[in-house]
Amino acid sequence: MDRGTSTDDDGSIRLQVFELRRLSEACGSSNTIFEPQSGIEKRDSSNADSVSPTTVPAVRAPEKKLTLFALRLAILEKAATGLGTLGFIWATVVLLGGFAITLDKTDFWIITIILLIEGTRIFSRSHELEWQHQATWSIAGAGINSFRALRTTSQNLIEAIKSIITFRPFISQKHNMRTKEIVDRTTFDGANSRRWQRKSTRTWTSSDVPLLPYAQWVFLSRNISKLLYWLQLASATVCVSLSLMKLIWHNYGDVAKGDTDKRNRKSALNIFYSLALAEALLFLLEKAYWEWKVIYCKLLEEVNKECDLGPSGLVSIRRFFYDAYSRCVNGSIFDGLKMDMVSFAMELLGSSSPDEQLIGARILRQFAVNERFSDDTLQKIGINLTVIERLVEMLNWKDPLEEEIRRSAAEILSKLAGKKQNSLRVAGIPGAMESISSLLQTNRNSCGATDDIGENKIIIDHAHYGSWTFNHLGLLVLKKLARNHDNCGKIGNTRGLLPKIIDFTHAGESLLKDEISTHCQILTVKRSLQVVKMLACTTGATGEHLRREISEVVFTISNIRDILRYGEKHPTLQKLGIEILTSLALEEDATERIGGTGGILKELFNIFFKEAMPQNQNHVRIAAGEALAMLALDSKSNCHLILKLKVLDRLVDALEVPLLRVNAARILRNLCSYSGANCVHQLRGVIAAAPTVIKAIISDEHKLQEVMIGLAAHVFKFMTPEESSIVFDRAGIKEVELAVKLVEILKNYQHPPIKVPRIRRFAIELAIWMMTDKVTNVHTFKEMGMEKELEVVLETTAELENFNIFSGTVGLSRHSTTIHSLVENALKLLEDE
């Protein structure tokens, strides 16, 4: 969540304490930052994980057209197969079994030819789909890689011929064998699926042996499928011709009158030829329907366009269709209707075949980034831990041949991590952070010692390997995971990951000032800064540990200094760097490291006072003021460094600038509070701010009024009673008016809101100074009912009022004096009058 414009006091946070836990979970981490001037909080929609109450209309899945088409084809196929089976049984049992001796010679050979043709066509039909499957993912892989399938095909042809000779039904055997082949090919062992073993390439497998290296074209999958296709059409055409010829001519031999046996033979032949004709016509109808939908209507191309899979997606669509059709044919005709592209892709992702893995990864990536399908796709992936594990494991694949698979897996995970529950599942997988870390590649090993510390460059492992892309995706995944508090802890505990992230924050002068800097380089720096910022903003013990780890990396602060110094053209990077410093300043050691890094304070003041900055970049100046106030808070050394920069007069002048006055007042107050007694002379210049401060207390309210009251309580300590009287005269305001205002503030803020948690404390401090400065002021406060208001304060004090800053709901930097003690001191002064 962007911090936005800031106007709150030292460490007052923009999240309301009473809603902090809820908002911190919505934002992924509670930011210990300052409130915006507008007082209006805008939630980053990219971090939202809640579902809009508006009902999102359901998107019809384009692949439903394919599954419906497969169903209709399967109905025709099964009807034809049923008629063919019946005709086969009729021929073998009734005709050849009962009338084999009395059959006319012509009929005997026609029946035999039809059965052979039917067997050939059934064989071709059964295996065409097999070769179509092969063609969808090995189109470029010609050769005898499919020799095993060819060998199996030959064996099945022999079995078909044997079944005709021995009168054994062949169709059901073929379907059982076909079903087994599909199951064997499309499923994988459960144990292997859990281990995700990579396919070994060191030994030959039976399907890879190049037995016929010079017969590649002949055994190319798509050519074999075409051969089988035309063989089916030819056999069906011959079957139709022979059956029609016999049914029209009825030349079954002489049938004598009263010869019942011959009449039965004639009826049996009519039935057989009718079944053969019907079966062949149904098959031709199926093929005609296929051609019309696929070739003329271009159904596959239409679905591919609706799925937005691109030119390479047609292979995926074909594979999906053939799988759906195969399930309808070999199982229930409704099995294919249960398929969808996402489940299909997840199944292919678990395959041992690189081609199938690539198809699955492409589909899931495209659906995950497509606005229409992303929600449903990410939901299905998110509830399947096996698939998430597979995607995480793919991040470690560094073979250049597997680059697209790896990139697709990273893109899918980057989308998946955008949902809160999914991000927890991703981070919960053992080794997930290490796998994500493998995406990040720089020129030095941050995990080990090195003597050569130079420019950060990307390691190019291969001439065309997209290392920049993987760096971007890795940082994007980490950015989304870091929205969750627990995930931040895991990122910090992953060995070598935090230094890697910080490495990418480096941006030298040439990069930041170059007009033609590539967008991807700047984007890398930006994303790395965003990740570091989110880690530094983490609350609780985890945040404390992360801030310490970040500040201990020797490049962190110096990298940010370079961005502040040379990043004038990149205000977004400057703001991110400044916000990181602000968060790190919550830790005392980090505060000292930041102040002790040469040039940091100077560059922050340069940005804070810069007047030529465009209006839309004012948020950078405000952020710089917040950082300076935090660095000066409770840090004597940093206060001394600031005073050495001789910026006191400019800070006083900034009290007149609406954009800067809040942070200028906070910086001045911290300088007055923590510089020490040795710097009193240097701080006397702050007296010049007194008239402005008094006017603001009287005329303004809310945050500006709070910080001005806090500053006034310290400014007046540098003045004598005579000097203070002169200041009031110069401001045109009487001390009585200020006393009335302070009592009024105590009345109005009996329960201070989180936006001004210390306004009562500061009002009481200023009242104590006024009563100490002049005895007449004691009488004034008494008349105004100050005692009563102080008693109310005693009864309504809250722990919230005793801290300077907060990390989530935990207070940090406790005030040395409690508000209870301040009230007692004020009451004592009133009683002593």
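The values are calculated or read from the model by the stated rules, or taken from the named source; none is laboratory data. Note that the structure is a prediction, hence the values are computed from the model and not measured. Cβ placement follows ideal geometry from the backbone for every residue including glycine, while neighbour counts extend to all protein chains displayed. We work out accessible area using only protein heavy atoms, side chains counted, and drop any ligands, DNA or RNA first. Shrake-Rupley method; radii C 1.70, N 1.55, O 1.52, S 1.80 Å.
Can you pull out the helices (runs of 4 or more DSSP H) entirely within region 363-432 that have at least 2 residues that are among the basic types (Lys, Arg)?
Output list reads 403-416, 420-428.
Only one of the listed residues (271, 333) is over 46 Å from the mean Cα position of the chain (by Cα), β-branched (Val, Ile, Thr) and open to solvent by 10 Å² or more (accessible area, probe 1.4 Å). That residue is 271. Somewhere in region 701-714, is a residue surrounded by fewer than 20 Cβ atoms within 10 Å (Cβ to Cβ) and at pLDDT below 90? Within region 701-714 (the criterion being surrounded by fewer than 20 Cβ atoms within 10 Å (Cβ to Cβ) and at pLDDT below 90), the answer is yes, since at least one residue qualifies.
Please indicate, with yes or no, whether at least one residue in region 760-767 is farther than 27 Å from residue 680 by Cβ and of a type outside the set (Phe, Trp, Tyr). Yes, some residue in region 760-767 is farther than 27 Å from residue 680 by Cβ and of a type outside the set (Phe, Trp, Tyr). Only one of the numbered conditions (1) in a loop (DSSP other than H, G, I, E, B); (2) touching a residue at least 12 places away in the same chain (Cβ under 8 Å); (3) open to solvent by 20 Å² or more (accessible area, probe 1.4 Å) is violated by residue 816, and that is (2).
Taken as a whole, the structure places residue 535 among residues that are open to solvent by less than 10 Å² (accessible area, probe 1.4 Å), part of a helix (DSSP H, G or I) and touching a helix residue (DSSP H, G or I) at 6+ places or on another chain (Cβ under 9 Å). Under the condition of being in a loop (DSSP other than H, G, I, E, B) and of a type in the set (Lys, Arg), the residues counted in region 637-665 number 1.
Residue 749 meets each of the listed conditions (1) in contact (Cβ under 8 Å) with a residue 24 or more places away in the chain; (2) buried (at least 17 other Cβ atoms within 10 Å of the Cβ) apart from (1). Comparison of 327, 318 shows that the only residue that is touching a Gly at 6+ places or on another chain (Cβ under 7 Å), under 26 Å from residue 368 (Cβ atoms), open to solvent by 20 Å² or more (accessible area, probe 1.4 Å) and not in a loop (DSSP other than H, G, I, E, B) is 327. One residue alone among 736, 693 is open to solvent by 20 Å² or more (accessible area, probe 1.4 Å), part of a helix (DSSP H, G or I) and either closer than 18 Å to residue 769 by Cβ or out of contact with any Gly (no Cβ under 9 Å at 6 or more places or on another chain) (or both), and that residue is 736.
Yes or no, residue by residue, for (1) under 19 Å from residue 813 (Cα atoms); (2) among the charged types (D, E, K, R); (3) surrounded by fewer than 20 Cβ atoms within 10 Å (Cβ to Cβ):
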residue	(1), (2), (3)
613	no, no, yes
620	no, no, no
629	yes, no, no
640	no, no, yes
643	no, no, yes
649	no, yes, yes
663	yes, no, no
669	yes, yes, no
674	yes, no, yes
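Listed by first and then second residue, the pairs with beta-carbon distance under 7 Å, at least 6 apart or on different chains, first residue in region 659-675 and over 16 Å from residue 624 (Cα atoms), second part of a loop (DSSP other than H, G, I, E, B), are 674/634; 674/635. If I go through region 651-661 residue by residue, how many of them are of a type outside the set (D, E, K, R) and either touching an Asp or Glu at 6+ places or on another chain (Cβ under 6 Å) or open to solvent by 20 Å² or more (accessible area, probe 1.4 Å) (or both)? Within region 651-661, residues that are of a type outside the set (D, E, K, R) and either touching an Asp or Glu at 6+ places or on another chain (Cβ under 6 Å) or open to solvent by 20 Å² or more (accessible area, probe 1.4 Å) (or both) number 3.
Considering only residues that are part of a strand (DSSP E or B) and touching a Leu at 6+ places or on another chain (Cβ under 9 Å), look in region 786-813 and name the one that is surrounded by the fewest Cβ atoms within 10 Å (Cβ to Cβ). Explain how you work it out, then say what you get.
First, the residues of region 786-813 that are part of a strand (DSSP E or B): 803-807, 810-813.
Subsequent filtering for residues that are touching a Leu at 6+ places or on another chain (Cβ under 9 Å) retains 803-807, 811-813.
Values: 803: 19, 804: 20, 805: 23, 806: 24, 807: 24, 811: 19, 812: 18, 813: 16.
Only one residue tops the list, namely 813.
To keep it simple, each residue is scored yes or no on (1) within 20 Å of residue 572 (Cβ to Cβ); (2) open to solvent by 30 Å² or more (accessible area, probe 1.4 Å).
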| residue | (1), (2) |
| --- | --- |
| 477 | no, no |
| 484 | no, no |
| 496 | no, no |
| 503 | yes, no |
| 521 | yes, yes |
